[in-house]
Amino acid sequence: MDERKQSEAWRVFRIQAELVHGIEKLAKLETAVSVYGSARLSAGNPYFEVAKELGQRLSDAGINVITGGGPGVMEAVNQGAFGRAGKSVGLNITLPAEQEANRYQDVSLDFRYFFVRKFMFVKHAIGFVIFPGGFGTLDELFEALTLVQTEKVVPFPIVLIGERYWAGMLNWLHGMVLDTGCVSQADLELLRVVDTAEAAVSIILDYLSQTAD
């Protein structure tokens, strides 16, 4: 076996090790709300403050939260949830820039592979809350939508925070994408858009009460 093929073979074991470690570490978590948003929105930004309030409200309601474990929105959510009733979880990723684990994590895991980390975000999810963000946030948003749309996961709420921020994308989806027939009205109704942490948590709690019946 040449050196390249041997390296590829060992990569399989590294991936397997990340999966096993992540599953074991989060086994007692059961359920959580996964929250995404930009690493670049720091303290003092209005969205940072809403994210911190969201983490606090979810944790006080006994709901675990999972973020990417980094700075910005992720740190705000973890900080709000840290030390309260629900667990504050960070799924950290090795990146060339931006990612430095925040200190507000009851449970902290480190990942090398994005797709393993994504699996962990979805495995325990009873809801996704999406704050303003860049390419990574958009990636997670549309992956969640695709999984729910195709019924690959039990449907859960997907909540966008920031009506003004998401307006352009939503206009395009409701206009061009819907008008072209690439999605249905039912697909678009998978998204909820709010401006406050209180409204987002209310959607999650309503969902939990309905599924408990």
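The values are calculated or read from the model by the stated rules, or taken from the named source; none is laboratory data. None of these values were measured; they are calculated from a predicted model. Glycine gets a Cβ as well: all are built from the backbone with ideal geometry, and neighbour counts include every protein chain shown. Each accessible area value is taken on the protein alone, full model and side chains, heavy atoms only, with ligands, DNA and RNA left out. Shrake-Rupley method; radii C 1.70, N 1.55, O 1.52, S 1.80 Å.
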Item to check | Student exercise, the stretch 51-113 dipole from Lys, Arg, Asp, Glu Cβ charges, in Debye to nearest 20 | outcome: 140 debye
Next on the checklist: Using each residue's phi in the stretch 8-25, evaluate 6.51 cos²θ - 1.76 cosθ + 1.60 at θ = phi - 60° and report the 3J(HN,Hα) Karplus result to the nearest Hz, with x for Gly and Pro.
Outcome noted: 5, 5, 5, 4, 4, 5, 5, 5, 4, 5, 5, 4, 4, 4, x, 5, 5, 5
Checklist entry - In a shell of Cβ-Cβ distance under 11 Å around Phe48, excluding Phe48 itself, what net charge do Lys and Arg (+1) and Asp and Glu (-1) give? => result -1
Checklist outcome for this item: Residues whose modelled amide H sits under 5 Å from the amide H of Ile126, counting only those 5 or more places away in sequence or on another chain, are Ala32, Val33, Ser34
Checklist entry - Under a plain spin-label model, where a point goes 7 Å from the Cα along Cα-to-Cβ, how far apart in nm are Phe115 and Ser202? => result 4.1 nm
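If we sort 7-18, 140-151 on the protection proxy, mean other Cβ atoms within 10 Å, highest first, what's the order?
Listed from highest to lowest mean packing, they are 140-151, 7-18.
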Checklist entry - In what sequence, highest mean first, do 20-26, 201-207 appear when ranked by Cβ atoms within 10 angstrom? => result 201-207, 20-26
Checklist entry - What are the ³J(HN,Hα) values, in whole Hz, obtained from phi via the Karplus relation 6.51 cos²θ - 1.76 cosθ + 1.60 with θ = phi - 60°, for each residue of the stretch 160-173 in sequence order, with x given for Gly and Pro? => result 9, 9, x, 4, 5, 5, 8, 4, x, 5, 5, 4, 5, 5
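Within 10 Å, count the other beta carbons around each residue, average over each peptide in 181-193, 47-59, and list them highest first.
Answer by packing, highest mean first, reads 47-59, 181-193.
Charges only on Cβ, +1 for Lys and Arg, -1 for Asp and Glu: so what's the dipole of the stretch 55-213 about the Cα centre, in debye to the nearest 20?
Once rounded to the nearest 20, the dipole reads 420 debye.
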Checklist outcome for this item: In vacuo Debye sum over C-alpha of the chain, base-10 log of normalised intensity I(q)/I(0) at q = 0.08, 0.10, 0.11, 0.14 Å⁻¹, listed in q order, is -0.28, -0.44, -0.53, -0.83
Checklist entry - Ignoring any ligand, DNA or RNA, what whole percent of the accessible area of the chain comes from carbon and sulfur when the probe is 1.4 angstrom? => result 53 percent
Checklist entry - Given charges of +1 on the Cβ of Lys and Arg and -1 on the Cβ of Asp and Glu, with all other atoms neutral, how large is the dipole of the stretch 114-193 about its Cα centre, in debye to the nearest 20? => result 300 debye
Checklist entry - So for the pair Glu24, Arg103, with labels modelled 7 Å out along Cα→Cβ, what separation do we get in nm? => result 2.9 nm
Next on the checklist: Just the number please: accessible area per residue for the chain, 1.4 Å probe, all protein chains included, in Å².
Outcome noted: 53 Å²
